[in-house]
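Structure record follows, encoded as C-alpha cells.
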Amino acid sequence: MKENLKLIEPAIEFDRAIQAFRAQFLFPGMSMDGGGGLIRLDDTKEWLRRVAKARADEATLQYIYLRETDGKVVGVIQIRLRLDDTAQRYSGHIGYAVAPSERRKGYATQMLTRALEICRERGLARVLVCCLKDNEASRRTIKRCGGVYESTVYQSERDRYLERYWIKAGEQADDTCRVSAQSDLR
C-alpha cells in the first residue's frame with residue numbers, strides 16, 4: 001500500500017497526533033530539532049499560537065509531516081527564512097525531526113526535499129542546514145540532498161559540536177532525493 005504523506009501547516013485538528021509525536025521525544029536526552037519549541041509545550045494551542053506569530057512575522061514556517069492513512073505525525077520541519085546571529089551560527093535555515101518510531105523510512109529526506117523547494121519558492125538560493133557532529137543519519141540526509149560541508153562549530157552553551165552544510169535550494173545531489181520529491185507532498 002502506497003503511503004500518502006503531506007507536509008502541512010499544523011492545526012488544532014491534529015492535536016492528538018501532534019502530542020503523540022511530542023511524547024516520543026520526552027525521554028531524557030532526546031532532542032526535537034525543527035519543532036519550534038513543541039518539546040517544551042504540552043498545550044498544542046499555545047504551540048500553534050507561537051507558530052502563527054512566527055509565520056505572521058515572515059520569519060519562520062512550521063510544518064508537520066502527516067501520514068494520511070493513519071493520521072500520524074511522523075515528523076516536523078521548520079524553515080527559518082531569516083537568520084539571527086544564533087541561527088546563522090548553529091541551526092541554519094532548516095531544522096527537522098522524525099519520530100523515533102518512524103526512522104529509517106526515508107521521511108527526513110522527503111521532508112528536506114520539500115523544504116528545499118519551499119525555500120526556492122520563497123527566494124532563497126541556498127540554505128544552511130546543521131546537524132550534530134555525531135548524528136550520522138542527519139548527515140546522510142543532508143548530503144543526499146546536496147549538502148556541501150562548510151565547517152564544524154562548537155556551541156559552548158549546549159556543549160556540542162555542529163556540522164554546517166550549504167545546499168542549493170531545490171537542487172538535489174542524487175536520484176534518492178529527487179525521487180523523494182515525487183511523493184504526494186503538498
Quiz item: Restricting the search to the stretch 31-50, which residues are more than 20 Å from L128 (Cα to Cα) and buried (at least 22 other Cβ atoms within 10 Å of the Cβ)?
Solution: L38, W47
Quiz item: Out of the stretch 64-81, which residues are surrounded by 18 or more Cβ atoms within 10 Å (Cβ to Cβ) and without any contact (Cβ under 8 Å) to a residue 24 or more places away in the chain?
Solution: R80
Practice problem: Could you list, in sequence order, all residues of the stretch 110-128 that are under 11 Å from the mean Cα position of the chain (by Cα) and buried (at least 24 other Cβ atoms within 10 Å of the Cβ)? | Solution: Q110, M111, L112, T113, A115, L116
Exercise. Considering only residues that are of a type in the set (A, V, I, L, M, F, W, C) and not in a strand (DSSP E or B), look in the stretch 127-168 and name the one that is farthest from R80 (Cα to Cα).
Key: A137
Self-check item: Residues of the stretch 1-40 that turn out to be β-branched (V, I, T) and under 17 Å from M111 (Cβ atoms), as a count
Solution: 2
Exercise. Quick one: count up the residues across the stretch 33-81 that are within 13 Å of the chain's Cα centre (by Cα) and among the acidic types (D, E).
Key: 1
Practice problem: Kindly indicate which of L26, L61, L7, L41 is in contact with a helix residue (DSSP H, G or I) (Cβ under 7 Å, 6 or more places away or on another chain) and free of Cβ contacts under 8 Å to residues at least 24 places away in the same chain. | Solution: L41
Quiz item: Could you say which residue among D84, D134 is loosely packed, with under 14 Cβ neighbours inside 10 Å and either touching a residue at least 24 places away in the same chain (Cβ under 8 Å) or over 17 Å from G36 (Cβ atoms) (or both)?
Solution: D134
Quiz item: What residue, of E157, E121, E150, is at negative phi and either β-branched (V, I, T) or modelled with pLDDT of 95 or more (or both)?
Solution: E150
Quiz item: Of all residues in the stretch 1-30, how many are over 23 Å from N135 (Cβ atoms), buried (at least 16 other Cβ atoms within 10 Å of the Cβ) and not aliphatic (A, V, I, L, M)?
Solution: 3
Quiz prompt | Pair list, Cβ < 8 Å and 6+ apart or interchain, from the stretch 98-125 residues that are farther than 20 Å from W166 by Cα to residues that are polar (S, T, N, Q) and not in a helix (DSSP H, G or I) | solution = A99/Q24; P100/Q24; S101/Q24
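The values are calculated or read from the model by the stated rules, or taken from the named source; none is laboratory data. Here the structure is a predicted model, which means the values were calculated and not measured. Here Cβ is always computed from backbone atoms with ideal geometry, including for glycine, and neighbour counts include all displayed protein chains.
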